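The values are calculated or read from the model by the stated rules, or taken from the named source; none is laboratory data. Please read these numbers as outputs of a predicted model, since none were measured by experiment. Heads up, the Cβs are rebuilt from the backbone with ideal geometry, glycines too, and the neighbour counts pull from every protein chain shown. Accessible surface is based on the protein model in full, side chains and every heavy atom, while ligands, DNA and RNA are left aside. Shrake-Rupley method; radii C 1.70, N 1.55, O 1.52, S 1.80 Å.
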Amino acid sequence: MPPIYLDNNSTTRVAPEVLAAMEPYWREQFGNPSSLHLLGQAARHAIEVAREHVAALIGATPREIVFTSGGTESDNLAILGTLAAYPTKNHVVTTAVEHPAIHSLCERLAAQGARVTFVGVDIDGHLNIDEFAAALTDGTAIASVMYANNETGVLFPIREIAELCNARGIPLHVDAVQAAGKLPIDVKTLGAKLLTISAHKIHAPKGAGALYVGRGARLRSTQVGGHQERDIRPGTENVAAIVGFGEAARLAKERLTRGDMSRVATLRDRLDRGLCERVPFARVLGDPANRTPNTTSIAFESLEAEAILVALSERGVCASSGSACSSGSLEPSHVLKAMGIPQALAHGAIRFSLSVETTDDEIDDALRIVPEVAHRLASLTARTDYAAKR
Ligand code: PLP
């Protein structure tokens, strides 16, 4: 049986159309896009076509798209490039639940002397918007907020956040890595100045991403080299990956227009409901009514996420946890900690993330296998007494 892949927030399979679109750029069309000869110009043209597709996915103009090596680089460029452009300001406002590409960067900036405010969330994962508004000051260089949380799928109210930032003339960066392709995004109505997306989360290869740099955004390049990407991101472009990114963006937009993600949401909801019915000690984390259509984080109370993941993997189910294994002990993720999820739940939190490739049969199989694993592990840890004790 092929694996049941429910870890699409980690990465997605490259779509066959994407693979086909990329192939010529590893073979006969191998030119450097900065070269003036015909092979170089063919590569340049392919990048510009990809730029149009990526721009269209988020309602941007092609000129506003800067290709990078992925979400992490785009996130770093947004923050560091903006700080460099505002040398008299050293305050960053972000949230307590960002991906490490923002969270760890902000922690490092704070250790280096910048002022960073990490705005909190409630137990459902909702941003404390009053706290966010109060954190913005005249010394704030940039605010950075994720669109959708990678662990829980919970969405932040970006438009409202952008209004607060724009009213104070503070540029807003949005990490939309987990939202792009899953929800319609229109940067023009969103109000953000900068927005990050990543290729490998939308069925394109790893190692490509983009930063939307809206008109009026002030940004300095963080690396030095040639003149690629309007001097904002020097370095020879990863042509094949960018071409794949463009094709994946085109397919993602088509899917959004067709409404394919509502089928994914139906499967996800069936998984959620089915697991909670079959496993009395399972609980959905984060506001179930305000999430990306493909993600659910389910806590199996008093179990260890690592044990669940290993057992699931042995049965062919690929999922992920919000825990990071550090020095042999499983630390619950900073996201679940910030939400105030009790330890006994946070330690057993598993993220299931679907994609347009997920089938009804796979969800049926997951609904058989996951409860079997959970009940077996629970019996090993005397969890079977749970129902009786309650
Ligand atoms: N931001 C978010 C919300 C993510 O989920 C991820 C990856 O999981 C990243 C940034 C980093 O993207 P990349 O893997 O392309 O560096």
When the range 93-138 is checked residue by residue, the ones that are over 21 Å from residue 73 (Cβ atoms), among the charged types (D, E, K, R) and under 19 Å from the mean Cα position of the chain (by Cα) are 124
Which one of these does residue 11 not meet: (1) touching a Lys or Arg at 6+ places or on another chain (Cβ under 7 Å); (2) open to solvent by 50 Å² or more (accessible area, probe 1.4 Å)?
-> (2)
Conditions (1) free of Cβ contacts under 8 Å to residues at least 60 places away in the same chain; (2) on the phi > 0 side of the Ramachandran plot; number of the one not met by residue 224 = (2)
Test: residue in the range 133-142 that is touching a helix residue (DSSP H, G or I) at 6+ places or on another chain (Cβ under 9 Å), within 16 Å of the ligand (Cβ to nearest atom) and in a helix (DSSP H, G or I) | no
What's the number of the condition residue 14 fails, among (1) of a type in the set (A, V, I, L, M, F, W, C); (2) within 16 Å of the ligand (Cβ to nearest atom); (3) out of contact with any His (no Cβ under 7 Å at 6 or more places or on another chain)?
-> (3)
The correct count of residues that are within 19 Å of residue 59 (Cα to Cα) and either β-branched (Val, Ile, Thr) or under 18 Å from the mean Cα position of the chain (by Cα) (or both) in the range 162-187 is 16
State whether one or more residues within the range 39-54 are surrounded by fewer than 17 Cβ atoms within 10 Å (Cβ to Cβ), within 16 Å of residue 200 (Cα to Cα), within 16 Å of the ligand (Cβ to nearest atom) and in contact (Cβ under 8 Å) with a residue 60 or more places away in the chain.
-> no
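Go over the candidates 252, 248 one by one and state the one that is assigned to a helix (DSSP H, G or I), closer than 22 Å to residue 192 by Cα and of a type in the set (A, V, I, L, M, F, W, C).
The match here is 252.
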Output yes when any residue across the range 94-102 is in contact with a strand residue (DSSP E or B) (Cβ under 7 Å, 6 or more places away or on another chain) and away from the ligand (no atom under 13 Å from the Cβ), and no when none is.
-> yes
Among the residues of the range 60-80, which ones are away from the ligand (no atom under 16 Å from the Cβ) and surrounded by 16 or more Cβ atoms within 10 Å (Cβ to Cβ)?
-> 60, 64
Of residues in the range 199-258 being within 13 Å of the ligand (Cβ to nearest atom) and more than 18 Å from residue 8 (Cα to Cα), the one surrounded by the fewest Cβ atoms within 10 Å (Cβ to Cβ) | 238
